[in-house]
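Below you'll find the structure, written out as structure tokens, and then a few comments.
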Amino acid sequence: MIPTVYEKLNFAVGGRAELEKAPIMPPRALFEPRCVELLQELSERLLHEDRTQYPDLIALGFFLRRAHLEALLKSYASLKDRALGLGVVFHSSPSNVPANFAYSLVAGLLAGNVNLVRLPRLAFPQTAIICAHLRELLAMERFKPLRPYCVLFSYASDREVTDAISAVSDARIVFGGDENIERLRQSPLKVRGRELNFADRYSLSLINAAHVLSLNSQGRGELIAGLYNDLYLNDQNACSSPVALVLVGREGERAASLLCEGLASLADRRYPLAGRQTLAKLEQLLVAAAENKEGTLDYVPLSGHSLALLRADVKSTDFDLSRFKGHSGLLYVFTVEHLEEVGALCSERLQTVTYAGFKGEELRALVIKERWRGVDRIVRVGRALDFGFTWDGIDLIRALSREIAVD
């Protein structure tokens, strides 16, 4: 890199000295104890943050608990002693999900790499909090060896900067945005560099109508709370947040009404809805209605509630959820009698299926049997935003490391 390129970076963790060392730093082993210790210390700090104001920081804190990381390590026990990191990994984060960059960093660090992390373009308080904790931890003497492995910065879109960082990178991992991926692809990696691109996706929630009707008020409340977390904690901006609610069974309409009524009540109390969000999702709903056949969409007003939840019943499975997906509480509702009908809603863009009233293993068997497109994750309602090292069908730890084969 040349000095003028460095000057365009706004460093949040580490700085120019650490960035200059990146190409010469040796790779580390997988799940090194010092790395696990750093993340455990970060976990303890995050779990003391405001649970109500920053639930995503609390979720990250739980993910980084030592017990959870050690459980994950068991999945890589056979790989740990025969692999090293690739070298330098350039991480590009989505602009609309505050903590995504941290999960990407964690995967790269535990896989043994130097991590050059581009932070979200928007100035989220969660991003600042995570970076502040990391700076303090890396300033400690015992974590000094890890300083060159965690360099976090932001910069305005600039081809020269992206070219320079990509040129020293052995891998590039990009979360979010087809346009962003195409733009970054114009900047070459090293000849043997690996690209991991996580493009725009959509997700849906699959719920057994009979199950909903069988629940008592407490059980139904817990289900609704799980739906709320999946939809609203990231304003449906995360690819794993459902944009559609699919009720399966003859009592689908009745179950949908119960769930939407309860979800609207909860959103009224908890979700701070800005005027611009309301206008944007109303516009999206109008576009969806205008660009589909008449009668495809039926807007269902939820009387007595704010517009925190917009319910639109979809009368045809020939509806492109990836094109018309909403945010901030725009929810498409489908009712079908049989699970097999859900396959028509699946495309290569479908990422996560959350479920209630079914068994996960049975759903996976159905996906394989019916050869549904997409569907990389099947998780219980309430866990849509949980991160895992296998994402979009890619094992990040294996993809960001190199196994050393012996004959």
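The values are calculated or read from the model by the stated rules, or taken from the named source; none is laboratory data. Since the model is a prediction, treat every value here as computed from it, not as a measurement. Glycine gets a Cβ as well: all are built from the backbone with ideal geometry, and neighbour counts include every protein chain shown. For accessibility, only protein heavy atoms count, side chains too; no ligands or nucleic acids. Shrake-Rupley method; radii C 1.70, N 1.55, O 1.52, S 1.80 Å.
Computed quantities for the displayed model
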read-out: Where Rh is the Kirkwood radius over Cα pairs, Rg/Rh for the chain; value: 0.99
read-out: Pairwise Lys count, the chain - Cα closer than 28 Å, eight or more residues apart or different chains; value: 22
read-out: Mean Cα-pair separation over length for the chain, i.e. relative contact order, pairs under 8 Å, 6 or more apart, %; value: 17 percent
read-out: Pairwise FRET efficiency - residue 320 versus residue 368, Cβ, R0 = 22 Å, nearest 0.05; value: 0.35
read-out: For the stretch 1-102: relative contact order, % (alpha-carbon pairs under 8 angstrom, 6 or more apart); value: 30 percent
read-out: Using distinct alpha-carbon pairs, which all enter the 1/r mean, Kirkwood radius of the stretch 1-71 in Å; value: 14.7 Å
read-out: Order of exposure, largest accessible area first, which applies to 58, 129 with probe 1.4 Å; value: 129, 58
read-out: The stretch 42-143: relative contact order as a whole-number percent, Cα under 8 Å and 6+ apart; value: 24 percent
read-out: Whole-number D in µm²/s for the stretch 265-407 (Stokes-Einstein; Kirkwood sum over Cα pairs; 10 °C, 1.306 mPa s); value: 89 µm²/s
read-out: The stretch 45-182: projected area of the alpha-carbon convex hull, averaged over directions, in nm²; value: 9.4 nm²
read-out: Label-point separation in nm, residue 65 to residue 34, each point 7 Å along Cα→Cβ; value: 2.8 nm
read-out: Assigned charges on the beta-carbon of Lys, Arg, Asp, Glu; the chain dipole about Cα centre (debye); value: 860 debye
